[in-house]
Amino acid sequence: MATYSKEFFTGCATDQGGTGIALAVDSGTFTTIHTTTTTTTTLDEIWMYAVNSHSADLKVTIQFGGVEEPEDYIETTVTAESGLVLLVPGLILQGKASTGQIILGAAATGDEVAVYGYVNRITA
């Protein structure tokens with residue numbers, strides 16, 4: 001029987017689980033948001049939101065489990081000061097032996113967009 005647990009993104013500081021993760025500027029350097037487990041029978045259901053505190057709309061790029069464009073990229077323009085905007089609506093990543101699958105993020109301007117969210121971890 002499968003079990004479910006709600007988890008913080010692994011990219012949060014260990015003593016501040018659940019707080020926002022500021023994204024780096026999209027210049028080839030991405031911020032680590034979450035890494036799945038290395039157990040291949042575990043699934044992570046990802047729910048991610050962004051907040052843009054800048055005065056202009058900003059493009060956010062999420063590398064979802066890989067770095068190949070377009071299949072691993074989720075790109076969204078987040079309106080300035082619009083509150084939480086859904087970026088990832090419960091998409092699933094499977095655990096990957098040895099490394100896990102990694103979710104990275106960047107924004108058009110650094111330290112102006114923060115991501116929030118959680119993982120519903122499903123274990124067999």
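Regarding residue 83, is this residue small (Gly, Ala, Ser) and either under 22 Å from residue 7 (Cβ atoms) or within 15 Å of the chain's Cα centre (by Cα) (or both)? Step through it out loud before you land on a result.
Values: small (Gly, Ala, Ser): yes; either under 22 Å from residue 7 (Cβ atoms) or within 15 Å of the chain's Cα centre (by Cα) (or both): no.
Here the answer is no, as residue 83 does not meet what is asked.
Give region 26-52 a look and list any residue that's surrounded by fewer than 15 Cβ atoms within 10 Å (Cβ to Cβ) and farther than 28 Å from residue 2 by Cα, or say none.
Answer for region 26-52, where residues must be surrounded by fewer than 15 Cβ atoms within 10 Å (Cβ to Cβ) and farther than 28 Å from residue 2 by Cα: 27, 28, 29.
Quick one: which of 71, 75 is acidic (Asp, Glu) and exposed (fewer than 12 other Cβ atoms within 10 Å of the Cβ)?
After ruling out the rest, the residue left standing is 71.
For every residue, the table says whether it meets (1) under 14 Å from the mean Cα position of the chain (by Cα); (2) of a type outside the set (A, V, I, L, M).
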{"site": "79", "(1), (2)": "no, yes"}
{"site": "93", "(1), (2)": "yes, no"}
{"site": "97", "(1), (2)": "no, no"}
{"site": "108", "(1), (2)": "no, no"}
{"site": "115", "(1), (2)": "yes, no"}
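Could you check how many residues of region 94-108 are touching a strand residue (DSSP E or B) at 6+ places or on another chain (Cβ under 9 Å), in contact (Cβ under 8 Å) with a residue 60 or more places away in the chain, among the small types (Gly, Ala, Ser) and in a loop (DSSP other than H, G, I, E, B)?
Here the count works out to 2.
Could you name every one of the strands (runs of 3 or more DSSP E) located completely within region 1-93 that has at least 3 residues being touching a residue at least 40 places away in the same chain (Cβ under 8 Å) and over 19 Å from residue 112 (Cα atoms)?
Per the criteria, 3-7, 42-52.
Test each condition in (1) touching a residue at least 60 places away in the same chain (Cβ under 8 Å); (2) surrounded by 15 or more Cβ atoms within 10 Å (Cβ to Cβ) for residue 111 and report the one that comes out false.
Evaluating residue 111 over (1) touching a residue at least 60 places away in the same chain (Cβ under 8 Å); (2) surrounded by 15 or more Cβ atoms within 10 Å (Cβ to Cβ) leaves (2) as the failure.
Just checking, does region 10-19 include any residue being under 10 Å from the mean Cα position of the chain (by Cα), at pLDDT below 95 and small (Gly, Ala, Ser)?
yes
Out of region 78-108, which residues are among the polar types (S, T, N, Q) and loosely packed, with under 15 Cβ neighbours inside 10 Å?
79, 82, 98, 99
The values are calculated or read from the model by the stated rules, or taken from the named source; none is laboratory data. This structure is a prediction, so every number in the text was calculated from the model and none was measured. Quick reminder, even Gly has a Cβ in these numbers, built from the backbone with ideal geometry, and neighbours come from all protein chains shown.
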